[in-house]
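The values are calculated or read from the model by the stated rules, or taken from the named source; none is laboratory data. Keep in mind the model is a prediction, meaning the values are calculated, not measured. Neighbour counts are summed over all protein chains in view; Cβ atoms, including those assigned to glycine, are modelled from backbone coordinates with ideal geometry.
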Amino acid sequence: MAMIAAETDSSQVSGGFNPVLDGLQRFLEGAPIVAGSRCVCILAGSGIGELDDFIDRARRDRVAEKVFEPVPDDEYGSILGFFGSPPFRVSFRRYQMEYRDTNFFTKCPVIVNRENGRSVHVMPWYQTPYHPYPVFVPLFGCMLNMYCGYSCDSAAVEASRLFETGISHMAVHRCLVRLDSAMRSAEFLAAVFERAPVPGLDAGLRAAHRYLTDDAVALQVDVYRAAMMDGDEGRTRVPKPAMRAMLEAVGAEVLRCCATLKVAPARIREAGAATAARERRYSYRPRRRTRPLPRGDARRDARRDARQSAAALAERMVIGAATVLHRLLN
């Protein structure tokens with residue numbers, strides 16, 4: 001990590017942020033807020049342990065309607081403290097999610113300013129308002145593609161098997177494009193690999209209050225959205241030695257996770273065999289519920305550890321992109 005920090009010294013980086021993103025950063029002050037194409041979101045950082053426990057309980061108790069509440073009571077109290085009086089209104093919205101061969105809903109708070117109609121969604125970092133699968137599923141596929149030599153098709157199959165949720169090769173490819181764009185930012189790589197502290201929910205709520213009440217901040221968000229649609233969100237170029245050192249660091253973490261799963265790097269196949277494999281394994285989607293392994297089984301513990309390791313790396317990437325670039329990676 002010392003080598004990485006030395007390589008990412010600001011004096012070695014030429015250029016700066018696009019003025020649009022620079023102006024947005026001054027307003028949001030590094031809060032993990034995403035200016036999405038459909039909604040503005042606050043991403044809350046937390047592990048997936050609670051999500052795994054929720055699914056284990058739902059499977060054991062055979063709950064008919066599965067609703068997961070990712071925002072704990074103390075954080076919901078903070079939201080009401082900021083936005084509990086007019087003109088604000090706090091409601092909930094359900095998002096469908098598929099994870100570990102289980103379909104369920106996540107219940108996320110939505111803050112609305114009734115005077116101007118602006119709204120902010122509070123959701124966990126792995127939630128996406130556009131797709132039913134968690135964001136760490138295609139991100140793990142991206143890591144297999146980048147470091148283990150898997151094609152997008154095979155990477156989608158392996159990621160789907162690990163997390164027991166079906167994704168296609170297009171989900172991995174789409175995530176690869178956005179991740180490649182984010183990894184050209186020195187600030188993003190520093191936020192991911194130097195393990196900078198994640199801003200708390202209060203910082204996100206203060207920035208959300210400015211967006212909901214200040215027309216200048218709302219205008220900056222709208223301008224940044226237009227810039228992202230044009231592919232010019234603005235970023236600092238990273239020197240090649242720094243990029244190489246950081247990619248080696250994340251590659252070491254990915255290979256450790258693959259060793260836990262006993263996933264070997266893919267062998268180079270002939271074009272005909274690759275085409276046949278693509279037709280056979282377009283995507284993996286379980287046809288029926290997978291029988292859970294018994295408690296204490298070494299395979300169950302190994303898969304859980306691998307999921308948490310892959311999700312921890314994905315969390316740093318998603319929160320880093322939300323804090324520095326204010327965009328999603330999926």
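Exactly one residue out of ARG178, ARG118, ARG184, ARG174 is in contact with a strand residue (DSSP E or B) (Cβ under 9 Å, 6 or more places away or on another chain) and not small (Gly, Ala, Ser): that is ARG118. Applying the criterion of being in contact (Cβ under 8 Å) with a residue 60 or more places away in the chain and in contact with a His (Cβ under 7 Å, 6 or more places away or on another chain) to the residues of the stretch 152-170, the residue that is farthest from MET97 (Cα to Cα) is ASP153. Taking GLU98 as the residue in question, decide whether it is in a strand (DSSP E or B) and not hydrophobic (A, V, I, L, M, F, W, C). Yes. Taken together, the residues in the stretch 94-143 that are among the small types (Gly, Ala, Ser), surrounded by fewer than 21 Cβ atoms within 10 Å (Cβ to Cβ) and over 17 Å from VAL34 (Cα atoms) amount to 1.
Can you confirm whether GLU75 is out of contact with any Asp or Glu (no Cβ under 7 Å at 6 or more places or on another chain), closer than 23 Å to ALA35 by Cβ and surrounded by 12 or more Cβ atoms within 10 Å (Cβ to Cβ)? If you could, list the steps in order and put the result at the bottom.
Numbers: out of contact with any Asp or Glu (no Cβ under 7 Å at 6 or more places or on another chain): yes; closer than 23 Å to ALA35 by Cβ: yes; surrounded by 12 or more Cβ atoms within 10 Å (Cβ to Cβ): yes.
For GLU75, the condition - out of contact with any Asp or Glu (no Cβ under 7 Å at 6 or more places or on another chain), closer than 23 Å to ALA35 by Cβ and surrounded by 12 or more Cβ atoms within 10 Å (Cβ to Cβ) - is met.
Contact map, the stretch 133-151: first residue among the small types (Gly, Ala, Ser), second residue crowded, with 24+ Cβ neighbours inside 10 Å, Cβ cut-off under 6 Å, separation 6 or more or different chains; pairs are GLY141/ALA155; GLY141/ALA156; GLY141/ALA159; GLY141/VAL172.
Just one of (1) modelled with pLDDT under 90; (2) within 16 Å of VAL67 (Cα to Cα); (3) aliphatic (A, V, I, L, M) fails for VAL157. It is (2).
Taking (1) closer than 21 Å to MET317 by Cβ; (2) in contact with a helix residue (DSSP H, G or I) (Cβ under 8 Å, 6 or more places away or on another chain); (3) among the hydroxyl-bearing types (Ser, Thr, Tyr) in turn, THR128 satisfies each apart from (2).
Within the set SER78, SER14, the sole residue that is within 16 Å of HIS121 (Cβ to Cβ) and either small (Gly, Ala, Ser) or modelled with pLDDT under 85 (or both) turns out to be SER78.
Table: residues versus (1) modelled with pLDDT under 75; (2) of a type in the set (S, T, N, Q); (3) under 30 Å from ARG184 (Cα atoms); (4) surrounded by fewer than 24 Cβ atoms within 10 Å (Cβ to Cβ).
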| position | (1), (2), (3), (4) |
| --- | --- |
| PRO294 | yes, no, no, yes |
| ALA310 | no, no, yes, no |
| GLY320 | no, no, yes, no |
| THR323 | no, yes, yes, no |
| ARG327 | no, no, yes, yes |
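Inclusion of SER85 among residues that are without any contact (Cβ under 8 Å) to a residue 12 or more places away in the chain, surrounded by fewer than 22 Cβ atoms within 10 Å (Cβ to Cβ) and either under 23 Å from VAL221 (Cα atoms) or small (Gly, Ala, Ser) (or both) is warranted.
Only one entry of PRO138, PRO199 meets the criterion of being part of a loop (DSSP other than H, G, I, E, B) and under 26 Å from SER46 (Cβ atoms), and that entry is PRO199. When GLN127 is tested against the conditions (1) under 30 Å from PHE82 (Cα atoms); (2) in contact with a Lys or Arg (Cβ under 6 Å, 6 or more places away or on another chain); (3) modelled with pLDDT of 80 or more, the lone failure is (2).
Between PRO86, PRO70, PRO109, the distinction of being in a loop (DSSP other than H, G, I, E, B), touching a strand residue (DSSP E or B) at 6+ places or on another chain (Cβ under 7 Å) and either modelled with pLDDT under 90 or not small (Gly, Ala, Ser) (or both) belongs to PRO70 only.
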